[in-house]
């Protein structure tokens, strides 16, 4: 079957193209609303600027496919393979990417608000400036992912893997990172008001110039983190590991050290004086 056959059948009202092989097919700038390509091989297919609202790509092979600026709201990509696919600028509100393989994908400025990415593998992908507000990211793998400028407010990040991810200038207010492994992650200049890092491993993490008002670092592993110029108004650090913390140009009077031991309080002040000298 060729692209023209699919388009002709679609115009005739046919919607089910389950299990077909259309490697490298060009459907750019077409209208294929509610089409069913589940379990199909669409490797390298071009869907750039295509209207695919409510389309079904469940279990499909879409490696290196092009969905740049495509309309994929309410579409299903559950368990699909999208390795190195291009979704830059795609509009995918409420789309389903649960258990999809998206490693190495180009997803800059994609709109996946309220999308389902449970157990999705996005490792090594580029999501610069992506909108993931209210998205479900539970148990996803975002290791080595570029999330600079991403919007994650309201997202469920339970058990999300973020090893070596970059979250600079991101919008992360109110998120719960409790217990997560975030060693070496960069949150430079990000907005993290009211975020919780209780019992998280933040060893050598970077929070330079971050907004951390009312954030919670209780019992967190903070050895070697950089908080230079961070806004820590009413931030909580009780029982946190504060070894080698860089608090240069931070207003310590704004930090809540309630229940912190005298020894730990002395360490904080000592490190501050050391970095200021």
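The values are calculated or read from the model by the stated rules, or taken from the named source; none is laboratory data. Bear in mind that the values here come from a model prediction, so they are computed numbers and not experimental data. Here Cβ is always computed from backbone atoms with ideal geometry, including for glycine, and neighbour counts include all displayed protein chains.
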Among the residues in the range 196-205, are any more than 20 Å from residue 157 (Cα to Cα), at pLDDT 85 or above, within 22 Å of the chain's Cα centre (by Cα) and crowded, with 18+ Cβ neighbours inside 10 Å?
no
Being part of a strand (DSSP E or B) and closer than 20 Å to residue 94 by Cα is the filter here; which residues of the range 156-172 pass it?
156, 171
Only one of these is in contact with a strand residue (DSSP E or B) (Cβ under 8 Å, 6 or more places away or on another chain), surrounded by 20 or more Cβ atoms within 10 Å (Cβ to Cβ) and part of a loop (DSSP other than H, G, I, E, B): 28, 98. Name it.
98
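Rundown of residues vs (1) in a loop (DSSP other than H, G, I, E, B); (2) touching a helix residue (DSSP H, G or I) at 6+ places or on another chain (Cβ under 9 Å); (3) in contact (Cβ under 8 Å) with a residue 60 or more places away in the chain; (4) under 18 Å from residue 117 (Cβ atoms), yes/no style:
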residue: 7; (1), (2), (3), (4): no, no, no, no
residue: 43; (1), (2), (3), (4): yes, no, no, no
residue: 74; (1), (2), (3), (4): yes, no, no, yes
residue: 78; (1), (2), (3), (4): yes, no, no, yes
By residue number, the members of the range 173-183 that are under 20 Å from residue 221 (Cβ atoms) and assigned to a loop (DSSP other than H, G, I, E, B) are 175, 177, 178, 179, 180, 182, 183
